[in-house]
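Note sheet for the following structure.
The values are calculated or read from the model by the stated rules, or taken from the named source; none is laboratory data. What you see is a predicted model, and the numbers here were worked out from it, not measured in a lab. Please note: Cβ atoms are built from the backbone with ideal geometry, for glycine as well, and neighbour counts cover all protein chains shown. Heavy atoms of the whole protein, side chains included, go into the accessibility calculation; ligands, DNA and RNA do not. Shrake-Rupley method; radii C 1.70, N 1.55, O 1.52, S 1.80 Å.
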Amino acid sequence: LNLIPLMLRRFFENKYIQKVVPDREEQVKFQKEFMRREGIVDKVTLESWLLKNGKTEAEMNKQLYNAVRLDQFKKNQFGGSIEPLFLERKSDLDRVTYSLLRVKNRAKVTELHLRLQEEEATFPDLASTYSEGVENVLHGLIGPVEFANINPLIAERLRNSSPGQLWPPFEIDGWWIILRFERLMPASLTEAMRTRLIEEVYENWIKEKIINTMSQLEINKSST
């Protein structure tokens, strides 16, 4: 049932939060965010949530207390490394909006590109009519999307584009593509971004500990 990784995660989490005592303000803030996220606004919705999740109010409060302790541990343990990590990864975290049109036929893409160059048609009209990918539903407009989530060959061109720049057709995996850069939205180290990066660093850290422990268990098992 693949329960050992989950058990190890719970073991490590319980171990590392033992000495964490969040202040009252942090607990209240965390609880309010939980209530908002779960749609708990009054006693009726609270009772409904408890019934749905099979918990008593005391069990929910204990779960929340441990959750805020774990959250505090993550911030204490990894918060100091986030700014340099953000600067290191910023170019991949920047978001971009671009227009894309793709077809299988090289002659067709050449014709469509020429029509765009000559302003005989708009990108949305041509994409919705001729594009053979799912982007035709969106009239060719993609994003905002982070550079890290874009095909590297497309991302490379977008990184070297100015607003409105139309690229000549190029081929990727059997598709002929027309690409136009629309807008760049630089990433910033907001509270939401900081939380996301802390979560990513923590997940990598805890997974490595779990993998190393499971490997050690296998070694011990094979040696007996």
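Send over the semi-axes of the stretch 105-202's equivalent ellipsoid, whole angstrom and largest first, taken as the square roots of 5 times the C-alpha gyration tensor eigenvalues.
One finds semi-axes of 31, 14, 13 Å for the stretch 105-202.
Answer with one residue from 153, 172, 213: the one whose Cα lies farthest towards the positive end of the charge dipole of the chain, charges on Cβ with Lys, Arg +1 and Asp, Glu -1.
213
Kyte-Doolittle mean at least -1.0 and Cα extent at least 30 Å along the axis: which DSSP H helices of the chain qualify?
Once both thresholds are applied, what remains is 191-223.
Which of the peptides 108-120, 170-182 is most tightly packed, and how do the rest follow, judged by the mean count of other Cβ atoms within 10 Å per residue?
Ranking the peptides 108-120, 170-182 by packing returns 170-182, 108-120.
Any chance you could check the Cα centroid distance between the stretch 154-224 and the stretch 79-107 for me, in angstrom?
9 Å
How much FRET efficiency would the formula 1/(1 + (r/R0)^6) give for residue 219 and residue 77, where r is the Cβ-Cβ distance and R0 is 41 Å, rounded to 0.05?
Taking R0 as 41 Å, the efficiency between residue 219 and residue 77 is 0.90.
Efficiency by 1/(1 + (r/R0)^6): what FRET value for residue 149 and residue 170, r their Cβ-Cβ distance, R0 = 30 Å, to the nearest 0.05?
0.95
If we count every other residue with Cβ under 12 angstrom of residue 150's Cβ, Lys/Arg +1 and Asp/Glu -1, where does the sum land?
Numbers: positive: 95, 157, 159; negative: 92, 94, 146, 156.
Result for the neighbourhood of residue 150: -1.
Using a 1.4 angstrom probe, figure out how much accessible area the stretch 82-196 has per residue, in square angstrom, rounded to the nearest whole. Please report the intermediate quantities before stating the final value.
On the way: 6570 Å² over 115 residues.
Averaged over the residues of the stretch 82-196, the accessible area is 57 Å².
Pop out the carbon and sulfur fraction of the accessible area of the chain as a percent, whole number, probe 1.4 Å.
53 percent
Quick one: net charge around residue 165, please, counting Lys, Arg +1 and Asp, Glu -1 for every other residue with C-beta under 14 Å from its C-beta.
Spelling it out: positives minus negatives among the neighbours equals +2.
Roughly how big is the chain's charge dipole about its Cα centre, with Cβ charges of +1 (Lys, Arg) and -1 (Asp, Glu), in debye to the nearest 20?
Numbers: 33 positive and 33 negative charges, 181 e Å.
Charge dipole, the chain, about its Cα centre: 860 debye, nearest 20.
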